[in-house]
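Take a look at the structure below.
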Amino acid sequence: MPPPALSVVAIIRHPKDRPDDLLAALGRQPGIARVPVLLVDGREAAPDDDLTAGRPWVQHLRAPGKSMPELKALGAERAQAEAIAFLEPRALPGPGWLAAVSDALAAHPGAALGGGVDFAGTPTPAGQAAFAFEYGAFTADKIARGMVHDLSANNMILPRAALWELCGDILRR
């Protein structure tokens, strides 16, 4: 059987992060059961609740204390799809996200995709500025000039082959 077209790598890093809204948003996507979702959890003291309960499409990987790049690398290493979507608890996919992404990947194999971010809760100017600053490094211009030496931003979908080409030095093969 060929690998799926898309894997989702959802990163949880900060102690207060809860993936409930993200998993609920993914669960509302028609067809999500056919998409492997890897919940990569770097929290030191994570709650004991079973984040996969009622979600057979989710695999929960614990990696306490790892940095964001290490968590993304772990998820990328485990993902088997031709394209990998990186999400986090504050970057929620909206209605129709999976269908739109699937259509775009089918129409443009090997394309990198990005999109808007719907902040969970009430966005603050400081939070939005921090998000733009942190992930501004991954603009198409900087990628084209080879300036990226880290894994992709969240709310990005990268072709697996391009991810390995750009970041193979920090991914284990």
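Here are some notes:
- Matching option when the condition is in a helix (DSSP H, G or I), more than 14 Å from SER7 (Cα to Cα), out of contact with any Asp or Glu (no Cβ under 9 Å at 6 or more places or on another chain) and modelled with pLDDT under 85, among ALA111, ALA100, ALA130, ALA104: ALA130
- Selection count where residues are surrounded by 18 or more Cβ atoms within 10 Å (Cβ to Cβ), in contact (Cβ under 8 Å) with a residue 40 or more places away in the chain and more than 18 Å from ALA83 (Cβ to Cβ), scope region 18-31: 3
- Looking across region 60-69 at every residue that is over 13 Å from the mean Cα position of the chain (by Cα) and modelled with pLDDT under 90, the one that is surrounded by the fewest Cβ atoms within 10 Å (Cβ to Cβ) is identified as GLY65.
The values are calculated or read from the model by the stated rules, or taken from the named source; none is laboratory data. From a predicted model like this one, the values you see are computed outputs, not experimental measurements. In this analysis, Cβ positions are derived from the backbone assuming ideal geometry, glycine residues included, and neighbour counts consider all displayed protein chains.
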